[in-house]
Amino acid sequence: LALGLRAAGQLTDDTVVATVMSNLGFVNALRAAGVAVRQTAVGDRYVLEEMNAHHYSLGGEQSGHVIMR
């Protein structure tokens, strides 16, 4: 989803917000593709707070919640 949004020019600052519990493979794969990963405390509440503070367009956490602004 992140790479598709970036290709469409819709991934704000080429950044995804995820929690500190996110899979390391996910984090490394995105970073290798040129997408920054901002990490927050665990919980979709913290992901959303970070997204709102910086106007990021995509975030999520390990329980499967995906947030799109």
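The values are calculated or read from the model by the stated rules, or taken from the named source; none is laboratory data. In this text, all values refer to a predicted model and were calculated from it rather than measured experimentally. FYI the Cβ positions are ideal-geometry reconstructions off the backbone, even for glycines, and counts take in every protein chain you see. The accessibility values were calculated without ligands, DNA or RNA, using every heavy atom of the protein model including side chains. Shrake-Rupley method; radii C 1.70, N 1.55, O 1.52, S 1.80 Å.
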For the range 31-69, enumerate the residues that are in a helix (DSSP H, G or I) and within 20 Å of residue 10 (Cα to Cα). 31, 32, 47, 48, 49, 50, 51, 52, 53, 54
Identify the residue in the range 13-28 that is assigned to a strand (DSSP E or B) and touching a Lys or Arg at 6+ places or on another chain (Cβ under 7 Å) and, among all such residues, is nearest to residue 3 (Cα to Cα). 15
Count of the range 1-28 residues which are buried (at least 19 other Cβ atoms within 10 Å of the Cβ), out of contact with any Ser or Thr (no Cβ under 8 Å at 6 or more places or on another chain) and under 17 Å from residue 48 (Cβ atoms): 4
Of all residues making up the range 29-62, the number that are open to solvent by 40 Å² or more (accessible area, probe 1.4 Å), touching a strand residue (DSSP E or B) at 6+ places or on another chain (Cβ under 9 Å) and under 17 Å from residue 1 (Cβ atoms): 6
